[in-house]
Amino acid sequence: MNNVSTTVTIHTLPYEVLESILSYTNYPSAISLVCKEWYEISQNPQTALALLKDRKIRLGIEEVFEKSKYTDNKDRVTEIQTLFLTRLRLTLNESLITDEQFNLFKSLPPSTGTFLHFNELEQDLNLLKLFAVLEKQVKDSLIKPQNSAEEKGSVHQQANHIREILKQNPAALKTITEIDLSQTGMTVVPEELNLLTEVTSVSLDNNNIHMLPTNFGSAWAKLTSLHLGFNRIERLPANFGQEWVELKSLNLSHNALTSLPDQFGMTWSKIFKIGLEKNKIASIPSKFGAAWNNVNVINLSSNLLDHLPEKFGANWIKLQCFEVHKNHSVIDVAQLKKQWPRIIICK
């Protein structure tokens, strides 16, 4: 961590690094507080305190405002930042960071080295969660390295040990066609998930994932079903799912998406069901669903849509149910019923 310049601040960090810092604390709001807005908070504590007060319930910091011993705004903001950092300590006897790292991260603004350290730690932690599931599926066929001293070492040592095991077991990984990683507490998707080249079904439901890597699922040429519902995903990679030519079912409901990539679903000619409800989508691409000749169910309800593109769904000849209720404004359902006279439209 010390070999990275400490003079470079938060503003020069790559977006994906910024977005993944500290999210394994399961307090996604802390990501923006501790990282993205840290510098601004330290520069203008008066404005920062007003913002934090407005969001105190969502951020879980009500008691700080009610019982704080400080009167100075800057001291109160520092107190709140320290509270979020404390969440890195799981118990009195277990911590994800050392005292030295804890104190270093309290510097304003944190160094690039600090950010990169926590980003790497998050990747390692999520790899441990992935391997716990993988091991149950292929335990009997796994070949493990002779030297297993790192198996019970630090998080980083354990992660490196796992990477070595995965590297030596390509045949065992190819036997996995389905994997259920739902409710595992994942906050990012480990790159190693792409090693499952034969997988047809992936479930990542009910986690705390807030972003997807650029190469997410790029090796899943046989994928037919993907579940990403009930996460905190704010955006999708530009090339999301371009390799999934066999995809039939996709669930992205209950996330925080505000838009979709321009090429979203352009290779999914076999798609049958799409779930995008309960997001914050304000607009959809002009070519949305252009390749979906076999789609049967589409759910866009509970978003922020106020209109649909011209020629929307013109080729959805097998569509049976289209849900678009609870959006920003009333969608012209009458026109849709003329276009699809035999389907159910929930407005």
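Coordinate-derived values only; no laboratory data. Keep in mind that what you see is a predicted model, and the values were worked out from it rather than measured. Quick reminder, even Gly has a Cβ in these numbers, built from the backbone with ideal geometry, and neighbours come from all protein chains shown.
List of remarks:
- Rounded FRET efficiency, nearest 0.05, which uses the C-beta distance separating Val155 from Thr258 and R0 of 30 Å: 0.35
- Each of Glu164, Glu310 was scored by other Cβ atoms within 10 Å of its Cβ. Arranged with the fewest first, they read Glu310, Glu164.
- Efficiency of FRET between Asp75 and Lys136 - r from beta-carbon atoms, R0 56 angstrom, step 0.05: 0.70
- Residue order, fewest to most beta carbons within 10 Å, for Thr187, Thr177: Thr177, Thr187
- Charge sum, other residues only, whose C-beta stays under 15 Å from Ile176's C-beta, Lys/Arg counted +1 and Asp/Glu -1: -2
- What the phi angles of the range 158-169 give under the Karplus curve with 6.51, -1.76 and 1.60, with θ = phi - 60°, is a coupling list of 4, 5, 5, 4, 5, 4, 5, 5, 4, 5, 8, 10 Hz, glycine and proline written as x.
- Taking the range 189-218 and a reference point 7 angstrom along Cα→Cβ of Gln183, the backbone N atoms nearer than 18 Å belong to 202-209.
- Extending 7 Å from Cα along the Cβ direction at Lys167 and again at Thr214 yields two label points whose distance is 2.3 nm.
- Set Lys129/Lys278; Lys174/Lys222; Lys139/Lys167; Lys222/Lys270; Lys287/Lys318 screened for pairs whose C-alpha atoms are more than 22 Å apart: Lys129/Lys278
- Extension gain, Glu120-Ala314: 0.36 nm per intervening residue step, less the Cα-Cα distance, totals 65.3 nm.
- Protection proxy ranking for 65-77, 314-326, using the average of other Cβ atoms within 10 Å per residue and placing the highest first: 314-326, 65-77.
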